[in-house]
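Since the structure comes first, as structure tokens, the remarks are kept for the end.
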Amino acid sequence: MNAPLAALGAPLRVVAGAELGRGLFNPRTDLLPALVAAVPAAELPRTLALVFNLCGHAHTLAATLALRAARIAVPDAPVDLDGETRTEHARRLQLDWPLHLGARPMAGAALTPEAALGLPAAEWLAQWEQRPGAWLARWAQRRRGWLAPLMATALALRQPLPADVPTLNLHHDADALATFAAQVLQTPALVLRPTWQGRCAHTGCWSRAGLHGPLDTALLLGCRIAEWLRLGSGQAQLVHGALALGSGRAVAWVEMARGLLLHVAEADGDGGLRRYRVVAPTEWNFHPEGAVARMLHAVGSHPAAVAATMAAFDPCVPYVIEAGHA
């Protein structure tokens, strides 16, 4: 999971029929300050990898970059970001998508592109790149491979992304990134409920897919398949980096399977840390007034539609559905 160090097993609560802002509740709290106080700064990347074991590679890389940019010495921590992200996509395709989309678990299924898709990866990608939405419909109808029936279910339950919730791309604008990092250090509440310029945002592999036009949950799922294939063939390369902000402050970013991960560090001048923040994709996507909250508000108490929406954004995040009076 990628929520900041907090009751990592606590499920999100979806309250059916509640008004916007009260229909999606994230019970997690930020315990990262306590960890930073207990762990030497140089050991933080390795420690975060143990805590965030499902995406530890991304946190290791982000922490290493942030600390070094803040002029704190940390050991080398080689990370195969592309390879680890491809493996993460594969886990979600095989283990979580079937559970969310009403199929039996596929833990024993072959995970080669040909077995999963029913055709070679290059052919699937060529069709996807021409007309993504139309191709998903045609492929799902043909029922080739074990992923196509899952996509057929997703297409039947597809929900449009709200047009007024933008895609998060802070790492492409150094000034914007620096401003947001300063806000996060100043306002710790942004870690759990992040906004940029007063607005929520959503993030995922679709943020870097270059799709044009309206998005929906089926297209988000298609983006995950496409990135899995591109990473496997060397056609994609995820980006990461860091920005020194002066006065011992720095921000690092890593593109990971679930979206954009940000780490913000402030050194204390003695080789340690004064403040450290992690803003993870889960908190952007599952903001109580964000994209997922708005979509769940639209589908109401339809459990299959709720499951399909959750699968599109982050299929390994646990959740429970409660009655509106709860």
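Read the figures in this text as sums done on the coordinates, not as results from a lab. Values in this document were obtained by computation on a predicted structure and should not be read as measured data. Here the Cβ is made from the backbone with ideal geometry for all residues, glycine too, and neighbour counts use every protein chain on show.
A few points about this structure:
- Segment 43-75: trypsin sites (Lys or Arg not before Pro) falling in loop per DSSP and having at most 16 other Cβ within 10 Å: R71
- Close amide-amide hydrogen proximity is noted between L24 and V15, each under 5 Å apart and 5 or more residues distant or on a separate chain (H modeled in the peptide plane; Pro and chain starts excluded).
- You can think of it this way: the chain between H212 and A90 has 41.4 nm of extra reach, that is 0.36 nm per residue less the Cα-Cα gap.
- Overall form of segment 282-321 per C-alpha gyration tensor (a/c, 1.5; a/b vs b/c): oblate
- Backbone geometry of segment 35-49 corresponds, through the Karplus equation with coefficients 6.51, -1.76 and 1.60 at θ = phi - 60°, to 3J(HN,Hα) couplings of 5, 4, 5, 9, 10, x, 4, 5, 8, 4, x, 5, 5, 5, 5 Hz, x marking Gly and Pro.
- Backbone N within segment 277-315 under 17 Å of label point (7 Å from R104 Cα along the Cβ vector): none
- Relative contact order %, the chain, counting alpha carbon pairs below 8 Å whose residues are six or more apart: 29
- Separation of the A134 and L50 label points, Cα + 7 Å toward Cβ, nm: 5.4
- For segment 22-171: relative contact order, % (alpha-carbon pairs under 8 angstrom, 6 or more apart): 13
- The calculated FRET efficiency for R71 paired with D173, based on their beta-carbon distance and R0 = 25 Å, is about 0.60.
- Couplings for segment 197-207, taken from phi via the Karplus curve 6.51 cos²θ - 1.76 cosθ + 1.60 with θ = phi - 60°, read 6, x, 10, 6, 8, 10, 8, x, 5, 5, 4 Hz in order; Gly and Pro are left as x.
- Amide H contacts under 5 Å for L245: A250, V251, restricted to partners 5 or more places along the chain or on a different chain, H placed in the peptide plane at 1.01 Å from N.
- Site pair V320 and T195 shows an inter-label distance of 2.9 nm when each label is modelled 7 Å from Cα along Cα→Cβ.
- Cα-based shape type of segment 104-250, given that a ≥ b ≥ c are square roots of the gyration tensor eigenvalues and the cut on a/c is 1.5: prolate
- Distance between the C-alpha centres of segment 290-326 and segment 146-207: 16 Å, rounded to the whole angstrom.
- Gyration tensor (alpha-carbon) shape descriptor, segment 94-177, a/c threshold 1.5: prolate
- Average Cα contact separation per residue, segment 87-245, under 8 Å, 6 or more apart, as relative contact order %: 23
- Under 5 Å, built H, 5+ apart or other chain: amide partners of R274: E266, A267, D268
- Cβ-defined net charge surrounding E227, 9 Å radius [Lys, Arg +1; Asp, Glu -1]: +4
- Helices in the chain, meaning DSSP H runs of at least 4 residues, each add -39500 (n - 2.57). Divided by all residues, the mean residue ellipticity at 222 nm is -12000 deg cm²/dmol.
- Packing-based exposure ordering (other Cβ within 10 Å, fewest first) of Y319, Y276: Y319, Y276
- Projected label distance in nm at H302 and D268, using a 7 Å step from Cα toward the beta-carbon: 5.3
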